[in-house]
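The values are calculated or read from the model by the stated rules, or taken from the named source; none is laboratory data. Computed from a predicted structure; not experimentally measured. Cβ sites come from the backbone with ideal geometry, for glycine too, and all protein chains shown count toward neighbours.
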Amino acid sequence: MLNRIVIMGRLARDPELRRTQSGIAVTSFRIACDRDFKSQNGEKGTDWIDVVAWRQTAEFVSKYFTKGRLAIVEGRLQSRDWTDKDGNKRTAIEVVADNVYFGDSKRDGADRGDSYGAPSFSAPSGGYSAPIGGASAFAEIDEEDGDLPF
């Protein structure tokens with residue numbers, strides 16, 4: 001069986017870091033994911049998805065992510081049953097995160113006036129450039145040599 005899910009959205013609130021009785025870190029947060037289609041009245045709907053992360057992933061999320069930050073979550077979908085304080089049976093459906101990635105850059109957050117304190121990574125500027133000498137810089141291998149390098 002396969003149970004994998006990848007979602008991308010903005011954090012609806014700051015993550016909450018807690019610890020179990022044995023000291024294991026657990027963080028819960030909610031992701032707001034816009035739907036790709038519009039309703040009959042022309043508005044896009046939003047799905048609010050609960051996410052839970054454990055151990056190092058929990059500590060990473062609580063340290064670097066805040067409300068409004070774009071996140072990509074990779075994990076599995078989990079449902080669990082529980083009974084509320086009034087004795088009613090409830091079901092919770094949530095994503096258990098294996099990995100959480102930045103969906104935006106620190107620079108994007110700075111434009112909104114946010115301060116994340118998270119490391120940012122960007123691709124080198126200038127794009128791809130061909131090797132000096134172009135395609136003619138490669139040497140032909142003589143097949144009759146018999147002494148190939150591999």
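Numbers at a glance
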read-out: Failed item, numbered, when residue 20 is tested on (1) more than 20 Å from the chain's Cα centre (by Cα); (2) of a type in the set (Ser, Thr, Tyr); (3) surrounded by 10 or more Cβ atoms within 10 Å (Cβ to Cβ); value: (3)
read-out: Qualifying residues in region 64-102 (those that are hydroxyl-bearing (Ser, Thr, Tyr) and surrounded by 10 or more Cβ atoms within 10 Å (Cβ to Cβ)) - the one nearest to residue 32 (Cα to Cα); value: 66
read-out: Test: residue in region 108-131 that is modelled with pLDDT of 55 or more and either exposed (fewer than 15 other Cβ atoms within 10 Å of the Cβ) or more than 25 Å from the chain's Cα centre (by Cα) (or both); value: no
read-out: Close pairs from region 36-50: first under 23 Å from residue 11 (Cβ atoms), partner of a type in the set (A, V, I, L, M) and surrounded by 10 or more Cβ atoms within 10 Å (Cβ to Cβ), Cβ under 7 Å, at least 6 apart; value: 46/32; 48/12; 48/32; 49/7; 49/31; 49/95
